[in-house]
Each structure stands twice: as structure tokens, then as C-alpha cells.
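The values are calculated or read from the model by the stated rules, or taken from the named source; none is laboratory data. The shown structure was predicted, so the numbers you read here are calculated from the model rather than taken from an experiment. The area values use the complete protein model at the heavy-atom level, side chains included, leaving out ligands, DNA and RNA. Shrake-Rupley method; radii C 1.70, N 1.55, O 1.52, S 1.80 Å.
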Amino acid sequence: MNSSAYIVRLLPLCPFTLVFRGGEPPTQLSAARLWAIMLRNCSLSFVKQCTSRKFLDALEEVLKSKSTAPVVRERLIAVLAAASYASDSGAEI
């Protein structure tokens, strides 16, 4: 895969990881809410990107950061838990 195709493929998640990492708590909460909505109403391609190592590493970094507000941490964990619960364990994502 050439580099431009890789960038286009990751582009939908870039705003989420940037907002999760560097946004203010109200902005992070809005991004988490949008992420939850998109997970429910998106294509399989978006779900696959949300399971990428790069995205999950960024999410883990935010969750472990001492500067992340507790309410943001709770919202992100809730979205991740709901996505995990809703996923079919027998399906390949």
C-alpha cells in the first residue's frame, strides 16, 4: 500500500486521536459521544480502523494519562465497553 492510500485510510480516525490526546474535557466528551454514534451507524471499515493498534494505543495513552479528567476517562471506557459488548465475538472484524 502506498503512503497516500495509508493516509487516506487513517484519516477518519485522526481527528479522534488528536482530540482525545490534546483536547479540553468538554471537547473530549463531545468526541467520545461522536465516536459512540459513529460506531453504531458506520461502515465495517470504520469499525476495523477503531480496532487498529494505532488507535487503541492512542486510546490507552489517554486513559492512562493523569491529565485526563475522570469524566472523560469514564466516558471513553463506557464507549469502549459498549462497542466490545455489541461486537459479535464470532465475527472477524
> From the phi of every residue in segment 73-86, what ³J(HN,Hα) in whole Hz does the Karplus formula 6.51 cos²θ - 1.76 cosθ + 1.60 yield, where θ is phi - 60° and glycine or proline is x?
Replying inline: 4, 5, 5, 5, 5, 5, 5, 4, 5, 5, 5, 5, 5, 6
> Rank 75, 21, 53 by accessible area, highest first, at a 1.4 Å probe radius?
Replying inline: 53, 21, 75
